[in-house]
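**Q** I have a structure I would like to understand better, so I am pasting it below and will then ask my questions one at a time.
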Amino acid sequence: MAGAAPTTAFGQVVIGPPGSGKTTYCLGMSEFLRAVGRRVAVVNLDPANEGLPYECAVDVGELVGLADVMDALRLGPNGGLLYCMEYLEANLDWLRAKLNPLRGHYFLFDCPGQVELCTHHGALRSIFSQMAQWDLRLTAVHLVDSHYCTDPAKFISVLCTSLATMLHVELPHVNLLSKMDLIEHYGKLAFNLDYYTEVLDLSYLLDHLASDPFFRHYRRLNEKLVQLIEDYSLVSFIPLNIQDKESIQRVLQAVDKANGYCFGVQEQRSLEAMMSAAMGADFHFSSTLGIQEKYLTPSDSSVEQEAMQL
């Protein structure tokens, strides 16, 4: 029918630990998308999110409130959030009725920060699966703080969490290192940035951990964790500074490629961009070297010299 809204919709589900910058990402990404001409609808799925900085098209707080659940069922914040997601899962007709008038918009879903929701609890995965049946093509955008790269033990734990999330959520997936402007706030990187974004040979991290008397006793455990991560070979990261337009554009290109938006009819695509997405190449290749020079303090010694010192 002429003038009807397109049935297929695209969007991002923004997930990650508490404080990783999910709400700030939704604000920055929504502003960028509007600037490039897309109609955007931001959906808040976090009942604990108060004082939202963005214009919210749908708010789960209208269906269920975290404070009310905690008071009525005598639950803590974590248990209350799990119940809220289970309640939303049982009342998906409400969400569908809210989303239907917004067909033709690009969706950003701001999700709760409880890690267990994305690693082993089934409610959020069930919600995503149901939305896919409504012809919503979604990409999971998983944010983690970039400063974890400065601590080898924390970086390994981030890799494990990211891998578990990718396997559990079952959506096209993009991992982001958020707050790149603060990456060296808690210490310096042991290696170049591309070592962390591409998740290169993790045996070097084990050597760094072995120099710590505490982690020396857990070397075999760390070796098994590293082996598991490398066996799957799924995890990689894109650096993100939400204040940098080039950084947001780089993320958006990866997301559009993951959920198929770049093949859609909403925007005219050049042959170069189509071939880039289809073949996995990037004709306008931008190395992480430029990002490293922008946000990281130059080191006096090279990576090879540091490896030799180990």
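The values are calculated or read from the model by the stated rules, or taken from the named source; none is laboratory data. Values in this document were obtained by computation on a predicted structure and should not be read as measured data. Cβ coordinates were reconstructed from backbone atoms using ideal geometry, including for glycine residues, and neighbour counts include every protein chain displayed. Side chains are part of the model used for accessible areas, which takes the heavy atoms of the whole protein and leaves out ligands, DNA and RNA. Shrake-Rupley method; radii C 1.70, N 1.55, O 1.52, S 1.80 Å.
**Q** Within the range 231-248, count every residue that is more than 19 Å from E170 (Cα to Cα) and open to solvent by less than 90 Å² (accessible area, probe 1.4 Å). I'd like the intermediate steps shown before the answer.
**A** Residues of the range 231-248 that are more than 19 Å from E170 (Cα to Cα), as a first pass: 238-248.
Going one step further and asking which of them are open to solvent by less than 90 Å² (accessible area, probe 1.4 Å), we end up with 238-242, 244, 247-248.
Residues flagged as more than 19 Å from E170 (Cα to Cα) and open to solvent by less than 90 Å² (accessible area, probe 1.4 Å) within the range 231-248 amount to 8.
**Q** Further question: Yes or no: L52 over 21 Å from the mean Cα position of the chain (by Cα), in contact (Cβ under 8 Å) with a residue 12 or more places away in the chain and surrounded by 13 or more Cβ atoms within 10 Å (Cβ to Cβ)? Lay out the reasoning, then the answer.
**A** Details: over 21 Å from the mean Cα position of the chain (by Cα): no; in contact (Cβ under 8 Å) with a residue 12 or more places away in the chain: yes; surrounded by 13 or more Cβ atoms within 10 Å (Cβ to Cβ): yes.
No, not satisfied.
**Q** List, please: which pairs have Cβ atoms under 7 Å, are six or more places apart or on different chains, and start with a residue in the range 89-103 that is surrounded by 17 or more Cβ atoms within 10 Å (Cβ to Cβ) and end with one that is basic (K, R)?
**A** Hits for this filter: zero, empty list.
**Q** Here are some residues: P77, P101, P112. Which one is over 13 Å from the mean Cα position of the chain (by Cα) and either within 22 Å of T24 (Cβ to Cβ) or polar (S, T, N, Q) (or both)? Can you show your working first?
**A** Working: P101 fails: either within 22 Å of T24 (Cβ to Cβ) or polar (S, T, N, Q) (or both); P112 fails: over 13 Å from the mean Cα position of the chain (by Cα).
Only one candidate qualifies: P77.
**Q** Inside the range 36-49, can you point out the residues that are of a type in the set (A, V, I, L, M, F, W, C), more than 21 Å from G19 (Cα to Cα) and open to solvent by less than 40 Å² (accessible area, probe 1.4 Å)?
**A** Filtering the range 36-49 down to residues of a type in the set (A, V, I, L, M, F, W, C) leaves 36, 40-43, 45, 48.
Subset that is more than 21 Å from G19 (Cα to Cα): 36, 40-41.
Within the range 36-49, V40, A41 qualify.
**Q** So which residues in the range 104-117 are over 15 Å from V58 (Cβ atoms), open to solvent by less than 10 Å² (accessible area, probe 1.4 Å) and either in contact with a Pro (Cβ under 6 Å, 6 or more places away or on another chain) or part of a strand (DSSP E or B) (or both), if there are any at all?
**A** G113
**Q** A follow-up question, please. Within the range 183-205, track down each residue that is assigned to a helix (DSSP H, G or I) and either open to solvent by less than 20 Å² (accessible area, probe 1.4 Å) or touching a helix residue (DSSP H, G or I) at 6+ places or on another chain (Cβ under 6 Å) (or both).
**A** Matches in the range 183-205: L193, D194, Y195, Y196, T197, L205.
**Q** Of the numbered conditions (1) under 15 Å from the mean Cα position of the chain (by Cα); (2) more than 28 Å from Q253 (Cβ to Cβ), A123 fails exactly one; give the number of that condition.
**A** (1)
**Q** Counting only residues that are of a type in the set (G, A, S) and more than 10 Å from the chain's Cα centre (by Cα), how many does the range 13-27 have?
**A** First, pick out the residues of the range 13-27 that are of a type in the set (G, A, S): 16, 19-21.
Subsequent filtering for residues that are more than 10 Å from the chain's Cα centre (by Cα) retains 19.
Residues meeting the conditions: 1.
**Q** Could you please find all residues in the range 62-78 being closer than 30 Å to R39 by Cβ, open to solvent by less than 40 Å² (accessible area, probe 1.4 Å) and not in a loop (DSSP other than H, G, I, E, B)?
**A** Once the filter is applied, which keeps residues that are closer than 30 Å to R39 by Cβ, open to solvent by less than 40 Å² (accessible area, probe 1.4 Å) and not in a loop (DSSP other than H, G, I, E, B), the range 62-78 yields only L66.
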